[in-house]
Amino acid sequence: MNPSVVRSVHYSSSAAGPCVAAIITAVNPDSDLVNLAVFYPDGGFAARALVPRGNNEPGTWHWPEREEGLATGGLIKHPESIYLIGEQ
């Protein structure tokens with residue numbers, strides 16, 4: 001899968017913490033380096049430039065892992081809520 005603008009990815013901001021949501025804002029056509037808008041769980045956000053693709057290493061991005069049931073309209077299980085996709 002090739003990175004493209006406005007795709008959702010995960011950003012690994014530190015070795016100790018979980019990955020956070022990010023959106024690709026620019027792509028280097030000659031590599032997997034991208035610019036990201038990163039969204040933190042506390043509501044903060046940041047811009048990151050020339051971020052390399054990686055596998056959960058700090059300072060890298062990767063595609064979100066697939067979760068069973070999401071492609072067919074299954075339940076999303078989150079610690080604070082459970083709801084059907086498309087319903088809120």
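Can you tell which of GLY74, GLY54, GLY86, GLY59 is modelled with pLDDT under 80 and surrounded by 12 or more Cβ atoms within 10 Å (Cβ to Cβ)?
Working: GLY54 fails: modelled with pLDDT under 80; GLY86 fails: surrounded by 12 or more Cβ atoms within 10 Å (Cβ to Cβ); GLY59 fails: modelled with pLDDT under 80.
Among GLY74, GLY54, GLY86, GLY59, only GLY74 is modelled with pLDDT under 80 and surrounded by 12 or more Cβ atoms within 10 Å (Cβ to Cβ).
Among the residues of segment 16-30, write down those that are farther than 16 Å from TRP63 by Cβ and outside any strand (DSSP E or B).
First pass over segment 16-30, keeping only residues farther than 16 Å from TRP63 by Cβ: 16-17, 25-26, 28-30.
ALA16, GLY17, ASN28, PRO29, ASP30, listed by residue number.
Go through segment 1-30 and give me each residue that's over 15 Å from PRO64 (Cα atoms) and touching a residue at least 12 places away in the same chain (Cβ under 8 Å).
Within segment 1-30, VAL5, SER14, ALA15, THR25, ALA26, VAL27, ASN28 meet the criteria.
Assuming ARG48 fulfils every condition listed in (1) assigned to a strand (DSSP E or B); (2) without any contact (Cβ under 8 Å) to a residue 24 or more places away in the chain; (3) closer than 19 Å to PRO64 by Cβ apart from one, which condition is it?
(2)
Would you point out the residue of segment 31-45, among those that are assigned to a loop (DSSP other than H, G, I, E, B) and more than 11 Å from the chain's Cα centre (by Cα), that is surrounded by the most Cβ atoms within 10 Å (Cβ to Cβ)?
Step one: of segment 31-45, the residues assigned to a loop (DSSP other than H, G, I, E, B) are 31-33, 40-44.
From what is left, the residues that are more than 11 Å from the chain's Cα centre (by Cα) are 31-33, 41-44.
Working: SER31: 11, ASP32: 14, LEU33: 16, PRO41: 9, ASP42: 6, GLY43: 6, GLY44: 9.
My answer is LEU33.
The values are calculated or read from the model by the stated rules, or taken from the named source; none is laboratory data. Please read these numbers as outputs of a predicted model, since none were measured by experiment. Neighbour counts are summed over all protein chains in view; Cβ atoms, including those assigned to glycine, are modelled from backbone coordinates with ideal geometry.
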